[in-house]
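Heads up: the structure comes next, in structure tokens.
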Amino acid sequence: MTARTRAKPRSARAPRARRRKSFFSKPSFIRAEFVGLAIALGGLAALPWVVDMGDVLSETRDWFVRTFGLGIFILAALSVVGGWAIANRKYAHPAIFARQAGGAIAFALFLWGLLGLNDADWSMGGVSFAEVSLGGDIGRGVVEGPLGLLAWMSLFVLGCALLAPALTLAFARNTPIWTQTAWERRYPHRVASGIGHFVRFILRHPRDRGDEIIIGGTLRERLDPAIPAAQEDLPRVFRPSIDPGSPASALGTGAAVVFAPEALEDVELEEPLAEAFDEDDEEETEPQQLGLELSGPNGWQLPALEMLNAPQPSANRKHDNAARAQLIVDTLASFGVDASVVEINEGPTVTQFGVEPGWEVRHKDVPLKDENGRTLVGADGRPRTERVETGRTRVRVNRITALQNDLALGLAAPSLRIEAPVPGRAIVGIEVPNDSATVVTLRHVMESKEFQDLARKSKIALALGKGVSGVPVVADLAKMPHLLIAGATGSGKSVCMNSVIAGIMMNATPDQVRFVMVDPKRVELTAYHNIPHLAFSEVIVDMDKVVGTLQAVVHEMESRYKKFASQAVRNIESYNRHPRVLKKLAYWVVIIDELADLMMAAPFEVEKLLCRLAQLARATGIHLVVATQRPSVDVVTGLIKANFPTRIAFAVTSMTDSRTILDMGGAEKLLGRGDMLYMPTDAAKPIRIQGVYVSDSEVERLVQFWTDERFREIAPENADELLEQALIELNGGDGDIEVDEDDSIMARARTLASQHKRVSPSLFQRRLRVGYMKAVKLIELLEEDGIIGPREEGESRRVLAPGSGDDADW
């Protein structure tokens, strides 16, 4: 039988007895709910007494109405709201309750003062509101005098700030920005101009309101002979001032208007044409910080955008786009080509004029005849004729492109580039260089909305520059998936490489992106040798390690594919999102600054490894960025081009080099200093861009930020073991690549060299059964002994010392 539970001691029941003494635990008639309900009902019960009391207490009722006016309803509403707040125990948070109560009282006083401003001819009982106002004596006293009005308006601001502090603060911060933006975009000016045009239109005589004609066949404009042409609104289409079909009749495309360049100086530009001419009409976006003061889960912190140089103001424009547009159409018309400029896009380096081809009109002279069918004869004795249009066809695009040099001569431009047609537009783009180029900074592009949206999706977003219309151009390296950069010396290739690296370092931590840098020139990428983003402990500058480095990257790719197979995923994104994956994989970006040096040292191995990585490494998150200053077919081979669909071409010396990079001409006409053609994978034609500029000081600040002592303990481990293993495998399994003069392998190498006219590392690899690194070492020792000559164009070297082989040429 279960024992009966013993009662708890008296000391255990003491706290319960003490809790019964709480105020709101007393009998139900004094609980908070009943207190609040009583207050609310008391406020509502006073309303019928104020509205209609008859003769009972009429004097007291009139005093209340005269004193409070319709504000008695505001007091009733406050009572209901206060009772509801007490019933729901809102006082449990004293600070919030006091703020909301103060805001409600301030807003109620503001409404009471608003009633005090109205002296309506209403009456309630024996009181006329025309004598005291709708708010009674209290409402009128709230708004009495200038100080009272100021205090009354302050009540509204105070009420909003207490009831909705976040919304009020956001409105106060953004109102100056909204006002400045509206002023910069000329919204008030346009509204005033529209009102003025409407008033002038109304005041005109009714019969004059219909004098509207078609200009250029597309735009409606009003021509009034009483107003000078320079004071009229400019049309949006530039038509030639001479007839392209002269001495024939009119073209039949609508009335044409002649604009002299000197008449365009004092004209106020409006609508889209003014936006194309106005440098300051560019959309301004509020600077946003990428990871500013935000620490990642492992303690990493992204640098602030303030580390980069601020956007530079646009240079003073010395050219007149309106005059140049008129000069283009006049030059074309002088060669019998009818065209009109319908669009002007001014970029940082060039201005693109959108030219729309006109019509070729055919005419025929028909003799005039009278009613009897006899030919009419003029005063000179010749038959009278009439010119009749027999047909028209569009002007061929090749007629415009064939006049490229003539347009450059007419515009006094060093070079022109014609894009015919502009992708997605029914126009021909004529790109004319500006007198002064505008520097496009990395910070300016990274602050744009386009880059911000892309940076939220990808950690390897690239800020490339600005297009011919001034729009920022950004790209995702993961979708390229590999990038080939080529250009002559001094064209901006190395700056582009630095902008790619700096942009990724601004947006990704070492746990997210790792770099493999190969710099045969030893001067371009060595500034990054201490950053924690490096996959290996150093920037690869020794040519003997290049092939081993690429082989190590291939091993990493194969290792990642094995990890994907173990989790049954297809790419790095799916692997990092897998719930059973504890350590996410970082993206690898392989940077090769000079491909020509690599192809001269070991063309077969480098081409094979690059093509294998380009074909397979995309899914594993390994991407290549390869640059070269010698875009010849022996450097940029067919296999490399086929596996690098995304390319960037800077200024080159000949059309042959341009075709090697882009499979088309155009790069030979670039201006240099960052002017480039960008060929994405989804575009039929390259896009002209002014690349971003990254200074040495910006690179130093970024490197100094990432090499700070606070990141030293959390820096990820490097993959030097992977590189060492690749070098051993490349050397035929022998980790020791040192060779002495007395080694038997050296004697065999001398014998092999004496049997051939030319030798190469690949020959030694095949015949001596050694790795690539040891073969290169043997070549160097034979060169020191004077047996073979120095390195020439290509990979093989000429044998100098005589030998006994059958192939010897001595």
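The values are calculated or read from the model by the stated rules, or taken from the named source; none is laboratory data. Predicted model only: the values in this text are computed from it and were never measured. A quick note on method: Cβ atoms are made from the backbone with ideal geometry, for glycine too, and the neighbour counts reach across all protein chains shown. When the accessible area is computed, the model is the full protein with side chains, heavy atoms only, and any ligands, DNA or RNA have been set aside. Shrake-Rupley method; radii C 1.70, N 1.55, O 1.52, S 1.80 Å.
Taking a point 7 Å out from the Cα of VAL191 in the direction of its Cβ, the residues of segment 154-185 whose backbone N falls within less than 16 Å of it are 175-185. Among the protein heavy atoms of segment 379-524, carbon and sulfur supply 49% of the accessible surface, probe 1.4 Å, non-protein parts ignored. Quickly work out the ARG362-to-ALA92 label distance, labels modelled 7 Å from Cα along the C-beta direction, and quote it in nm with one decimal. Result for the modelled spin labels: 9.1 nm.
Per-peptide packing, taken as the mean over residues of other Cβ atoms within 10 Å, places 653-665, 765-777, 496-508, 367-379 in the sequence 496-508, 765-777, 653-665, 367-379 from highest down. Derived scalar couplings between HN and Hα for segment 170-175 equal 5, 5, 5, 6, 8, 4 Hz in order, rounded to whole Hz, by the Karplus curve 6.51 cos²θ - 1.76 cosθ + 1.60 (θ = phi - 60°), x for Gly and Pro. Highest-first packing order for the peptide set 339-349, 432-442 is 339-349, 432-442, based on the mean count of other beta carbon atoms within 10 Å. Where in segment 450-464 is the amide nitrogen less than 12 Å from a point lying 7 Å along the Cα-to-Cβ axis of LYS584? Counting backbone N atoms under 12 Å from the label point, the list is 457-460. Legend: calculated FRET efficiency, LYS479 to LEU768, from the Cβ-Cβ distance at R0 = 45 Å, rounded to 0.05, equals 0.50. Ordering 350-359, 563-572 by mean Cβ neighbour count within 10 Å, with the highest value first, yields 350-359, 563-572.
Checking the cross-link filter: which lysines have an alpha carbon closer than 29 Å to that of LYS493, excluding same-chain neighbours under 8 positions apart? Once the sequence-local lysines are set aside, what remains near LYS493 is LYS318, LYS449, LYS457, LYS459, LYS466, LYS479, LYS521, LYS545, LYS608, LYS641, LYS669, LYS685.
Think of a 1.4 Å ball rolled over the protein heavy atoms: segment 631-670 then has 38 Å² of accessible area per residue.
Only the Cβ atoms of Lys and Arg (+1) and of Asp and Glu (-1) were treated as charged; on that basis the dipole of segment 399-443 about its Cα centre amounts to roughly 160 debye.
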